[in-house]
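The numbers here are math on the coordinates, done by the rules we state, and not lab data. Predicted, not measured: the structure shown is a model, and the values here were computed from it. All Cβ positions, glycine included, derive from the backbone under ideal geometry; neighbour counts span all protein chains shown.
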Amino acid sequence: MNRWWRAAVAASLSATLAACDRSQPAADAKQPSTPAAARRADARPSTEAWKPTIRTASIPAEPCDWIPAAEVEALIGKLAGPPRKKEDGCLYPLVMPESVAAKRQQAIAMRAKMREKFRETFGTAAAEPERPNPILDTESDPRTYAVIVKVDVSGKGAGGAKKADGTIAVSDWDEARPGAYRFTGRTGHIWITVAGQAPDIPREAIPILAARVRDRIPDLPFPVTNPYQVIESGDEDPCSLLTRAEAEAVLGPLAIDPYRASSEWPPLAHGQGHGCAYYTPGHRVFVLSPTWIGGAQTFKLEKFGGGIIGMVAPQDAVVIKGPWDQTQVGMSGQLLFLKGDRLLQVHYLTSRATLGDAVKLAATAMRRLAP
């Protein structure tokens, strides 16, 4: 789910739940309130504290730095100019072959002929300006002979259906979503998209380019880009709930010791994050995010939020027996396990863990979180 939409849902639900609870006396109602600004200031870690203690990869300063232009040129053809940033990706303009230019000119001439025939048939004034059509006008704009490459390390949206059209080696990706002249693939928590800007872009090279970008990314955790994540776990160590050996017995060998991770972007390392990440090769990350205090409220928010989402996109119910009181699927596809006021969220979609694997590890962690 889009994190801005999720935040809006959470804010709205929080207000609704607060209104519903006004009839009940609050246990800490007599305690002096702390100004919101002061709470935010207290929650912000120091400049150094948020930095991970493990070795991490880094996101390039510019999206065109994920792969050298020379490698792109070797795969899809000569570039018509230097690559440049476009939105959150990198656009590579290509030299248009004469055969492609000729076909575009033919298409333009045919469209002009059809418009003239239409005017003759229906009496439309020849001088009437034609409305722009971004789809049909690709033929007349040579700048559309280009591809865009995008890399997203957030892991959001993982766990969808795999697709293949016979030309894609799906086994090389955890998820593959090919299109007519675009390809999106995911490995672990990293999404890579290569999209042609017009239908006449060479299609065979698009998934090959996506794989080349993937293979150039260092197989290391990425740190959060925003260090000011609110710390909710206090002094508790989230990595104390599951040992490396216990994780490896289910996930396989870890590439690095368990490390603290962000809660908003679970796959990303955060020196004071209240999640614990278990990283296996291929950017695959399994994350446990415990809540020691206030877990029931978070569980309730996720339940109501999931109900709203289910009106549009129904979700499967989850009933799993274990050392907890309640379970459910969260708004981002994570599993939630509640016992008393202690909550364990399990983000497993960016790993190779199955649902059964996730439940098995959650049971081990929950016995320590809420004995």
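Summary of values
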{"item": "Fully extended contour minus Cα-Cα distance, from T53 to A109, at 0.36 nm per residue", "result": "13.9 nm"}
{"item": "Extension reserve of the L220-A180 stretch, reckoned as 0.36 nm per residue once the Cα distance is removed", "result": "11.2 nm"}
{"item": "Cross-link pairs K339/K360; K300/K360; K300/K339; K85/K156; K156/K321; K321/K360 - those with Cα-Cα distance over 18 Å", "result": "K300/K360; K85/K156; K156/K321"}
{"item": "Neighbour cut-off at most 10 other Cβ (10 Å), DSSP loop, GluC sites (Glu not before Pro), region 54-105", "result": "E87"}
